[in-house]
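First the structure, in the form of structure tokens, and then the observations on it.
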Amino acid sequence: PSGNHLMEQILTQGAVAVNNVTIDGVNKRSCVLSRRSGYTAGSFLYHNACTNVHLRNVTLDCGNAEGFTAHGLHFAYCSGFTAENIHIRNFDASALSCSGDSGVGTYDTTDFVLRNISIDGMGVARNGILLNNCRDFTIAGVSGGYLTLTGAAGEPSVGIGVKTNCLRGLIYDVSLYTCRRAINIGAEGGVSQVKAWGVTASNCISGIASAL
């Protein structure tokens with residue numbers, strides 16, 4: 001429903017068979033999920049080992065003002081999920097992370113769509129969307145940015161980062177500003193068959209950087 005809804009953390013764990021879940025705020029401008037003051041452990045919305053989970057039509061205010069260093073929205077070891085029509089703000093490590101850590105040749109997070117995602121790093125966040133160990137994905141309609149350009153040495157400041165061990169991805173209709181790289185593909189190796197097009201970048205060192 002409409003309103004600003006304060007909460008500590010939304011956590012879904014495959015260990016307790018939380019699958020086939022939809023969270024629909026109906027209108028992202030009027031439905032805001034905000035991290036409650038004083039609770040800074042872990043990612044704000046964290047889905048682990050789940051299937052068929054869908055989040056849409058909400059704004060996530062991730063509470064970075066208190067200095068936690070996790071992700072806003074995090075899918076790990078999940079498949080068949082969507083995140084659609086979402087605005088993510090006030091985050092630190094990344095707005096949205098899709099990941100696993102099984103290593104080259106094993107894809108932990110698969111068959112997903114990220115569509116119409118807007119991000120606002122408020123000048124301090126380190127990354128927008130990060131992918132590791134992912135397969136068969138589509139990212140479309142990502143906008144925003146405003147990431148840090150003056151953080152510690154080595155901070156990537158990437159709008160969309162397909163970091164390592166990813167296979168078969170499409171990225172298109174992207175408009176990002178104020179980050180070192182709008183899109184970075186294959187920075188840490190093991191990435192193949194990932195394509196990006198229709199990218200607009202402003203106040204960035206590069207629009208698309210690829211190590212493929």
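The values are calculated or read from the model by the stated rules, or taken from the named source; none is laboratory data. Predicted model, so just to flag it, every value in this text is computed and none were measured. Cβ sites come from the backbone with ideal geometry, for glycine too, and all protein chains shown count toward neighbours. Accessible surface is based on the protein model in full, side chains and every heavy atom, while ligands, DNA and RNA are left aside. Shrake-Rupley method; radii C 1.70, N 1.55, O 1.52, S 1.80 Å.
Summary table
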| read-out | value |
| --- | --- |
| Exposure rank, largest accessible area first [Glu8, Glu84; 1.4 Å] | Glu8, Glu84 |
| P(r), alpha carbons of segment 91-212 - 5 Å bins starting at zero, rounded % | 3, 13, 25, 26, 20, 11, 3, 0 |
| Built amide H within the under 5 Å cut-off of Val21, gap 5+ | Val53, His54 |
| Stokes-Einstein translational diffusion, the chain - Kirkwood Rh over all Cα pairs, 1.306 mPa s, 10 °C, in µm²/s | 95 |
| The chain - percent relative contact order, Cα under 8 Å, separation 6 or more | 13 |
| Segment 154-212, relative contact order in percent, only Cα pairs under 8 angstrom and at least six apart counted | 40 |
| Percent of alpha-carbon pairs separated by more than 14 Å within segment 42-114 | 58 |
| Given charges at beta-carbon only (K, R positive; D, E negative), |dipole| of the chain in Debye | 300 |
| From phi via Karplus (6.51, -1.76, 1.60), per-residue ³J(HN,Hα) for segment 183-188 in Hz, x at Gly/Pro | 9, 10, 10, x, 4, 10 |
| Dipole of the chain, positive direction: furthest Cα of Val21, Thr51, Gly144, with charges on the beta-carbon | Gly144 |
| Residues Ser192 and Thr22, FRET efficiency given R0 of 22 Å [Cβ-Cβ distance, rounded to 0.05] | 0.10 |
